[in-house]
1. What about residue B:4, is it part of a loop (DSSP other than H, G, I, E, B) and either over 20 Å from the mean Cα position of the chain (by Cα) or within 14 Å of another protein chain (Cβ to nearest Cβ) (or both)?
2. In this structure, does residue B:75 turn out to be within 10 Å of chain A (Cβ to nearest Cβ), at pLDDT 90 or above, touching a Lys or Arg at 6+ places or on another chain (Cβ under 8 Å) and at negative phi?
3. May I ask you to list the residues in the stretch B:90-120 that are assigned to a helix (DSSP H, G or I) and under 13 Å from residue B:76 (Cα atoms)?
4. Considering only the stretch B:71-87, I want to know if a residue exists there that is touching an Asp or Glu at 6+ places or on another chain (Cβ under 8 Å), within 20 Å of residue A:51 (Cβ to Cβ) and part of a loop (DSSP other than H, G, I, E, B).
5. Test of understanding: among B:40, B:61, B:16, which residue is closer than 25 Å to residue B:105 by Cα and more than 23 Å from the chain's Cα centre (by Cα)?
6. Looking at residue B:149 and the list (1) of a type outside the set (Lys, Arg); (2) more than 17 Å from residue B:236 (Cα to Cα); (3) modelled with pLDDT of 95 or more, which single condition is not satisfied?
7. Select, from A:11, A:53, the only residue that is in contact with a strand residue (DSSP E or B) (Cβ under 9 Å, 6 or more places away or on another chain), among the hydrophobic types (A, V, I, L, M, F, W, C) and crowded, with 17+ Cβ neighbours inside 10 Å.
8. Looking at the stretch A:55-78, can you tell me whether even one residue there is farther than 30 Å from residue B:128 by Cα, more than 22 Å from the chain's Cα centre (by Cα) and at the interface with chain B (Cβ under 8 Å from one of its Cβ atoms)?
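The values are calculated or read from the model by the stated rules, or taken from the named source; none is laboratory data. From a predicted model like this one, the values you see are computed outputs, not experimental measurements. Glycine also receives a Cβ, built like all others from the backbone with ideal geometry; neighbour counts cover every protein chain displayed.
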Amino acid sequence: MIENLKPTDPITGSAHDLPFGLPRNLDEAVRRLRECQPLIDMLSPAFVAAYTIVKEAEYEVFLRVISSWEREHLLLNV
Amino acid sequence: MPRDIKQFFRDHNIQEVEAIIPDMAGIARGKVMPAAKFAEDQGMRLPESIFLQTVTGDYPENTDAAMSPAEIDIVLKPDANTVRRVPWAGEPTAQVIHDCFYSDGRDVMMAPRGLLRRVMDLYAKQGWTPVVAPELEFYLVEPNIDADYQLKPPVGRSGRAEPGRQSYSIAAVNEFDPLFDDVYQFCEDQDIEIDTLIHEDGPAQMEINLLHGNALELADQAFMFKRTAREAALRHKMYATFMAKPHAKEPGSSMHIHQSIIETASGRNVFSNSDGTPSQLFYSHIAGLQKYLPAAMAEIPAGCDGSAGTERQFLPPDHALSGRADQRSMGLRQSHGRAAGAVVVPGVTPRRESVVRRGRQSVSGHWRVAGVRLPGHDRKPETYGSDHRQRA
């Protein structure tokens, strides 16, 4: 609002078939936050630093999980 | 301890106190103590690393970027406006939300509730006041003792679990009437103002709307509501879960936040011209969301599962903007309603599909409200939507 931006034209049909515009995983989302200086200025560098290292630590642990999908499809097949 | 907290303790014969701060994941942390001890305390202390604790209870390997290696204590100060009863407690218990400061009085910048205050100050500098109304989606599930097993919908009054999709079904909500009677009573006891309750798309998936109001108060209410729903469900041998995606083949849960911005001096809704048409600021608000949402996504979901934020199995994608106020197929949506000034105003509601969509509820309500509104602020425009269904 302060930058006086203009939105794109409204979409009149369904947006279901359009490409993704938002990051699809936490890695990518954290990277984009760290690169967005206006957001960092607003939230404070201290908060963004704390938040992003917490999210990274959570994501690392999350990636260590062996899922039921792996047991179902890989256990006896690969 | 502020006077009115003492008075509250006397009025309700409070024996025990939960001194609470919301952490990065929206988890209530703090201390439980006898009321007499709380009254004597001159500022409770906790290590600042409490804000670097992950949802699994671990800490990042290297915290130098966020915190002094000295690991300084922070001082917690009670916000007297937040003192409430804990209605599910056995003996008369109060809860008080605290704000966090260093011993020299500086804000703890990592504290989500402090962040929300600072973001609201940015609005104030523009002469604006944000108004929000969160809507929280959640599932009721059977108790899940072993996390290796999938979740199952709970059995309601009929003795059966729900068959298929029951969107907006009144009878399907009634299945859990005894539970919701407790939810309503607990909310009344805590001044959590529930507007409506509906059945969402998934089996035993519900959505509760809170009445619009001050952003900090609503963040507090959303934070308290999640505890409330979990406690009420436990009484009926169920779990209430706000996790983003509890059932693989069912819609996820989100929290979307209706927003409007009032010009503080006049009370006028800045999203609307005097003739009821959308204002330039309204369009800039949307444009800012479109520009900054991709960078803000890390703040919206609390969890890790990658595609959660952008799943489109059931819901419309991303931050496309709908062309009509009544069109639901987009991430950012205008909606009809009356503004506080009784002007009919289209707002924008970032539906779950955009920002909040399926956003991890586990995120701190405070952080989420802050995150959402942030972009609108500062020089970045973005922000978020609003819908003023201002229920006048």
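1. no
2. Here the answer is no, as residue B:75 does not meet what is asked.
3. B:113, B:114, listed by residue number.
4. So far as the stretch B:71-87 goes, yes, one or more of its residues are touching an Asp or Glu at 6+ places or on another chain (Cβ under 8 Å), within 20 Å of residue A:51 (Cβ to Cβ) and part of a loop (DSSP other than H, G, I, E, B).
5. Testing whether each residue is closer than 25 Å to residue B:105 by Cα and more than 23 Å from the chain's Cα centre (by Cα) leaves just B:40.
6. The one condition residue B:149 does not meet is (3).
7. Just one listed residue meets the conditions, A:11.
8. Yes, the conditions are met somewhere in the stretch A:55-78.
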